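Asks: Have a look at the structure that comes next, please.
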Amino acid sequence: MTSLALGPALGTRLGRINPVAQLAAIGVVTLVLLSSLDVVTPAVVVAAELCLLPAAGLTSPRDLWRRTWPLLLGASSVGLVNVLLSEDAGVITGVGLGLRVVGLALPGVLLVATTDPVRLADALTLHWRVSTRFAYGALAALRLVPLLVAEFESVRLARRARGVEAGRNPVARARLLGGIVFTLLVGAVRRGSRLATAMDARGFDSGITRTNARGSHLHRRDAAFVAGTVVVCAAAVALSVLTGAWDPVFVG
Amino acid sequence: MTTPGPPEAPSLPGVLGGGGGSEGTPARVVARGLGVRHASRRAWALTGIDLVVEPGERVLLTGASGAGKSTLLAALAGILDAEGAEVTGELTVDGGEPRGARGGLGLLAQDPDSQLVMTRAGDDVAFGLENAGLPADEIWPRVDQALAAVGFPYGRDRPTQALSGGEKQRLVLAGVLARRPSLLLLDEPTAQLDPPGAALVRAAVARATADRTATTIVVDHDAGPWLPLVDRVVEVVPGGLVEHGAGWRPPSRTAGLHLPPAVDGPVLLSAAAAGFTYRGSPVPALPPTTAQLRSGRTLAVTGPNGTGKSTLALLLAGLRAPTTGRVDAAAELAAGVRNREPHRWRAGELVSRIGTVFQHPEQQFLTGRLRDELALGPLRSGEHATAARATAEALLERLGLTAFAEANPYTLSGGQQRRLSVATALATAPRVLVLDEPTFGQDAATWRELVTLLAEQRARGCAVAVVTHDTDLVEALADDRLAL
């Protein structure tokens, strides 16, 4: 949610790659990372992904940390839990699993960090025939996320003003948070239905086939991007097999 | 007020079809004996409505909160829930059902944030044209034309998040106008904007409807500002409509208002060079500010948006800690608490000493019944249940809300919610009241009631601080002024 609220950095080099090409590349990476349990494959893939950071405009450590801390937290806990709790998993397996989580999630972070959600919806509806009702509906809903973040703070303060505060008691804290979330949900539902009325009044989903003013074009660089991803993944697998680390998940 | 001239031809050939009325041809609206009753309500929301609006006319539909303006607007827009409402009489747009004329409808509602869809200005205007199936090369000229028509000062690439409320609302209007509606409905389009933002939107409406290619109906309880740009004024009253003649002016809301005077008392709360900066932000939300709240007097805090008025209210209310300077309670106010700084008080200590009313009442409601809502503060400050219940009943009586004692606060009208949120702050009889835009979007009756209520609190020795854009409120109530 926080990385969504941060919004995309526009005008980056990675952002010029069509979102469906980015999604196709994510598909390739996911397939490869989920097919082996070794450490070499994800290490190569993550190294290649890190090379894309400058192209995504994520050069300052601060920006990078703000966008990736939940992911890094998740990856290190997955690695650690496996090392500590599994009898046959060694440190190498733990590192491999952690790297795999990073390798799977980092492309998503890159996509969110560089892609205007409108271009994503355009690309999905034009190239992959995703329903416009779904794509632009989701887009409209996405706009409301930063509003919710701001509202959370007002509702919390309003509760203190009414004499309601949790103090240090964890149960009271959980109850208070639940109450705040409920108030936010009520507000979100009301705002959502107003938004639906407004979209309806502007002819959304009225049965007429929708046109697209911006279009979404696939270029040679998009094909090159997907091909490059395939090459990197193939190299990772080849290296893994040659070093004898390859440990396929699907063994007949 | 003038009679409308013949509608001028649209400057671009029409493209959008629509059930009722083709593009660029203003609609004719006829209501005969219209009545609407919402399901599960005994009373009719609207009765005896007779109205003819000629093509190209600009009509203001006014009336008090709860008079049925919104219901009439929903009926005109064809968005009355077919199963949820019982309709009598007749209502037509260009001779047909309003529901069938929705292709030619343009609707501008209150809250700009729940009307924008896209992340960039131009894309948002294009949204309605894409929905109409217009070819891409015809869309952009019309987007530019619509943006120019409302006087939008930025390019198509402007991110919508970077716009002020008034600018957003102008953008929404451009998106509505780009579809060349034959009937333009404006539902209190300035109710959530500050005065400069509201003026921007009215100017844009005036400019965009001057060519009379759409029939325009504005719904607003605040009639005054719209008078220069409409041809007729129609007021919704119980039992029907009243047509006001040329030269009609809405009654002044301050006329004949007799308020108990201020009483001079000691300082209860003071801010000494108190400022606030959000973590990680390079600029302060509130630069160091000095202010004093005195018993029996009202301090009005005014100034344009973004100068930190609401932030100052949060500091005075003990809801945020100042990042520079101090906010201190006088010994009299802090009696019974060890600390002088309100932000260090426990919530239960705060609620009986400083009452706060937020800009959006619904963010403050905590229970499912009005009666419980009013008893909550007294209970939290340690009062006995019987006493708390008695306080709640007295307040319900005082505010004329006894009939709603069992109702859920969320089901009240905007004006009733506002009165309730003030009442919840009064329930603990605090010595200090802090209110953020208490009269925002309220009709004349609610306005007078709120002002009277605040003046009564002042007279009993309460120190009142109001953050407001409302010049009438400042005029009626302010004893001390602070312009940020």
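Nothing in this text is a laboratory measurement; each read-out follows from the coordinates by a stated rule. All figures in this text were calculated on a predicted structure; none of them were measured in a lab. We place every Cβ from the backbone using ideal geometry, glycine too, and count neighbours over all the protein chains shown.
Asks: With +1 assigned to the C-beta of every Lys and Arg and -1 to the C-beta of every Asp and Glu, and no other charges, what is the dipole magnitude of chain B about the Cα centre in debye, to the nearest 20? It would help to have the intermediate numbers written out before the result.
Replies: Details: 46 positive and 52 negative charges, 290 e Å.
Value, rounded to 20: 1400 debye.
Asks: May I pose another question? Along the charge dipole of the protein assembly as shown, which of B:Pro322, A:His217, A:Val45 sits closest to the positive end, that is, farthest toward it, with unit charges on the beta carbon of Lys, Arg, Asp and Glu (+1, +1, -1, -1)?
Replies: B:Pro322
Asks: The range B:305-410: which GluC sites (Glu not before Pro) are DSSP loop and have at most 10 other beta-carbon atoms within 10 angstrom? Walk me through the intermediate numbers first.
Replies: Numbers: sites: B:Glu332, B:Glu349, B:Glu362, B:Glu373, B:Glu383, B:Glu393, B:Glu397, B:Glu406; in loops: B:Glu383, B:Glu406.
Answer by residue number: B:Glu406.
Asks: Still on this structure, I have one more. Just flag the chymotrypsin sites (Phe, Trp or Tyr not before Pro) in the range A:157-232 sitting in loop per DSSP whose Cβ has no more than 11 other Cβ atoms within 10 Å. Present the calculation step by step, with values, prior to reporting the outcome.
Replies: Working: sites: A:Phe182, A:Phe204, A:Phe225; in loops: A:Phe204.
Those that pass, being in a loop and sparsely packed, number zero.
Asks: Principal axis extents for the range A:103-230, Cα atoms only, whole Å, descending order, please.
Replies: Here the spans come out as 61, 43, 17 Å, largest first.
Asks: Give me the log10 of I(q) over I(0) for the range B:193-273 at q = 0.16 Å⁻¹, as the Debye formula computes it from C-alpha points; what are the numbers?
Replies: Evaluating at q = 0.16 Å⁻¹ gives log10 I(q)/I(0) of -0.81.
Asks: In addition: Over 48 Å apart: what share of the alpha carbon pairs of the protein assembly as shown falls there, rounded to a whole percent?
Replies: Values: 79700 of 270480 pairs.
The proportion of pairs with Cα distances above 48 Å equals 29 percent.
Asks: Around B:Arg338, what is the net charge, scoring Lys/Arg as +1 and Asp/Glu as -1 over all other residues with Cβ under 11 Å from its Cβ?
Replies: Details: positive: B:Arg340, B:Arg344, B:Arg346; negative: B:Glu341, B:Glu349.
My count for the surroundings of B:Arg338 gives +1.
Asks: Mind checking the full-extension length gain between B:Ala136 and B:Ala273? Use 0.36 nm per residue of separation minus the Cα-Cα distance, one decimal, nm.
Replies: On the way: separation 137, 0.36 × 137 = 49.32 nm, distance 5.63 nm.
Full extension of this stretch gives 43.7 nm more.
Asks: Report for the range B:267-483 the percent antiparallel among DSSP-assigned beta bridges with both residues inside it, nearest 5. Intermediate values should be presented prior to the final figure.
Replies: On the way: 11 of 28 bridges.
Here the antiparallel bridges make up roughly 40 percent for the range B:267-483.
Asks: At R0 = 35 Å, how high is the FRET efficiency between A:Val231 and A:Leu72 if r is their beta carbon distance? Nearest 0.05 is fine.
Replies: Numbers: r = 27 Å, r/R0 = 0.78.
Calculated value: 0.80.
Asks: In nm, what is the difference between 0.36 nm times the number of residues separating B:Thr323 and B:Arg207 and their Cα-Cα distance?
Replies: On the way: separation 116, 0.36 × 116 = 41.76 nm, distance 4.53 nm.
37.2 nm is the gain from fully extending B:Thr323 to B:Arg207.
Asks: Right, next: For the range A:164-252, give the magnitude of the charge dipole about the Cα centre (Cβ charges: +1 Lys/Arg, -1 Asp/Glu; no others), in debye to the nearest 20.
Replies: Numbers: 11 positive and 5 negative charges, 104 e Å.
Magnitude of the dipole: close to 500 debye.
Asks: Using the crude model of +1 on Lys and Arg Cβ and -1 on Asp and Glu Cβ, and no other charge, please compute the dipole size for the range A:126-201 relative to its Cα centre, in debye to 20. It would help to have the intermediate numbers written out before the result.
Replies: Numbers: 13 positive and 4 negative charges, 38 e Å.
In debye, rounded to 20, the range A:126-201 gives about 180.
Asks: Let me ask something else. How far apart, in nm, are two points set 7 Å out from the Cα along the Cα-to-Cβ line at B:Glu332 and at B:Glu397?
Replies: 2.9
Asks: Around A:Ser131, what is the net charge, scoring Lys/Arg as +1 and Asp/Glu as -1 over all other residues with Cβ under 12 Å from its Cβ? Write down the numbers at each step before the final one.
Replies: Numbers: positive: A:Arg129, A:Arg133, A:Arg210; negative: A:Asp205.
Cβ neighbours under 12 Å give a net charge of +2.
Asks: Which is farthest toward the positive dipole end of the range B:34-180 among B:Gly66, B:Leu46, B:Pro112, measuring Cα position about the Cα centre, with Cβ charges +1 (Lys, Arg) and -1 (Asp, Glu)?
Replies: So the residue furthest toward the plus end is B:Gly66.
Asks: Still on this model: Looking at the range B:29-244, what % of the alpha carbon pairs are farther apart than 28 Å?
Replies: On the way: 6583 of 23220 pairs.
Of all Cα-Cα distances in the range B:29-244, 28 percent exceed 28 Å.
Asks: For peptide B:350-362, how many partner chain Cβ atoms fall within 10 Å of a residue's Cβ, on average?
Replies: Working: counts 5, 6, 1, 0, 1, 2, 5, 2, 6, 2, 5, 1, 6.
Averaged over the peptide's residues, the number is 3.
Asks: Same structure again: Using the Karplus curve 6.51 cos²θ - 1.76 cosθ + 1.60 with θ = phi - 60°, work out ³J(HN,Hα) for each residue of the range B:49-64 in order, rounded to whole Hz, and write x for Gly and Pro.
Replies: 8, 10, 7, 10, 10, 6, x, x, 6, 10, 10, 9, 10, 10, x, 5
Asks: Then there's this: Tell me, what ³J(HN,Hα) does each residue in the range A:57-64 have, in order and in whole Hz, if you take phi through Karplus 6.51 cos²θ - 1.76 cosθ + 1.60 with θ = phi - 60° and put x for Gly and Pro?
Replies: x, 9, 9, 6, x, 5, 4, 4
Asks: Considering only A:Val81, B:His360, B:Gln416, whose Cα is most displaced toward the positive end of the charge dipole of the protein assembly as shown, charges sitting on Cβ of Lys, Arg (+1) and Asp, Glu (-1)?
Replies: So the residue furthest toward the plus end is A:Val81.
Asks: Between beta-carbons, use under 14 Å as the cut-off and find the net charge around B:Tyr154, counting Lys and Arg +1, Asp and Glu -1.
Replies: On the way: positive: B:Arg120, B:Arg156, B:Arg158, B:Lys168, B:Arg170; negative: B:Asp123, B:Asp124, B:Asp144, B:Asp157, B:Glu167.
With Lys, Arg at +1 and Asp, Glu at -1, the neighbours total 0.
Asks: Which one, A:Leu157, A:Leu37, A:Leu97, has the greatest fluctuation when you compute a Gaussian network model over chain A with C-alpha springs under 10 angstrom?
Replies: A:Leu157
Asks: With each pseudo-label sitting 7 Å past Cα toward Cβ, what's the B:Ala43-B:Glu406 distance in nm, one decimal?
Replies: Between B:Ala43 and B:Glu406, the label points sit 1.8 nm apart.
Asks: Only bridges whose two residues both fall in the protein assembly as shown count here: according to DSSP, what percent of them are antiparallel, nearest 5?
Replies: Details: 32 of 66 bridges.
Restricted to the protein assembly as shown, the bridges split so that about 50 percent are antiparallel.
Asks: Which of the trypsin sites (Lys or Arg not before Pro) found in the range A:132-215 are in a DSSP loop and have at most 14 neighbouring Cβ atoms, other than their own, within 10 Å?
Replies: Numbers: sites: A:Arg133, A:Arg143, A:Arg156, A:Arg159, A:Arg160, A:Arg162, A:Arg168, A:Arg173, A:Arg175, A:Arg190, A:Arg191, A:Arg194, A:Arg202, A:Arg210, A:Arg214; in loops: A:Arg162, A:Arg168, A:Arg202, A:Arg210, A:Arg214.
When the trypsin sites (Lys or Arg not before Pro) of the range A:132-215 are filtered for loop state and at most 14 Cβ neighbours within 10 Å, A:Arg168 remain.
Asks: Moving on. Just tell me the longest site-free run in chain B, where the sites are chymotrypsin sites (Phe, Trp or Tyr not before Pro) in a DSSP loop having at most 16 other beta-carbon atoms within 10 Å.
Replies: Values: sites that count: B:Tyr154, B:Trp248, B:Tyr278.
Answer from the scan: B:279-484.
Asks: Would you mind checking which residues have amide H under 5 Å from B:Thr289's amide H? H placed 1.01 Å from N; only 5 or more apart, or other chain.
Replies: B:Ala273, B:Ala274, B:Gly275
Asks: In addition: Which percent of the Cα-Cα distances in chain A go past 21 Å?
Replies: 69
Asks: For the pair B:Ala385 and A:Ala172, what calculated FRET efficiency results from E = 1/(1 + (r/R0)^6), where r is the Cβ-Cβ distance and R0 = 25 Å, to the nearest 0.05?
Replies: Numbers: r = 20 Å, r/R0 = 0.80.
Taking R0 as 25 Å, the efficiency between A:Ala172 and B:Ala385 is 0.80.
Asks: Counting only Cα atoms, I'd like the Rg/Rh figure for chain B, Kirkwood definition for Rh.
Replies: Values: Rg = 24.8 Å, Rh = 24.5 Å.
Dividing the radius of gyration by the Kirkwood radius yields 1.01.
Asks: Percent relative contact order of chain B, based on C-alpha pairs within less than 8 angstrom and at least six residues apart?
Replies: Numbers: 1016 pairs, mean separation 76.6, N = 484.
Across chain B, relative contact order equals 16 percent.
Asks: So, one more: Rounded to a whole number of µm²/s, how large is the Stokes-Einstein D of the range B:294-369 at 25 °C and 0.890 mPa s, given Rh as the Kirkwood radius over C-alpha pairs?
Replies: Working: Rh = 14.1 Å.
Translational D for this selection: 174 µm²/s.
Asks: Ok, one more. Please report the orientation-averaged projected area of the range A:126-201, defined via the convex hull of its C-alpha atoms, in nm².
Replies: Values: hull surface 28.0 nm².
Its Cα hull, projected and averaged over all orientations, spans 7.0 nm².
Asks: Using amide H atoms built 1.01 Å from N in the peptide plane, name the residues 5+ places from B:Gly441, or on other chains, whose amide H lies under 5 Å from its own.
Replies: Residues meeting the criterion, in which the H sits 1.01 Å from N, do not exist here.
Asks: Given a Förster distance of 41 Å, report the FRET efficiency between B:Ala148 and A:Arg16 from their Cβ-Cβ distance, rounded to the nearest 0.05. Intermediate results must be reported in sequence, preceding the final value.
Replies: Working: r = 30 Å, r/R0 = 0.74.
In this case the efficiency is close to 0.85.
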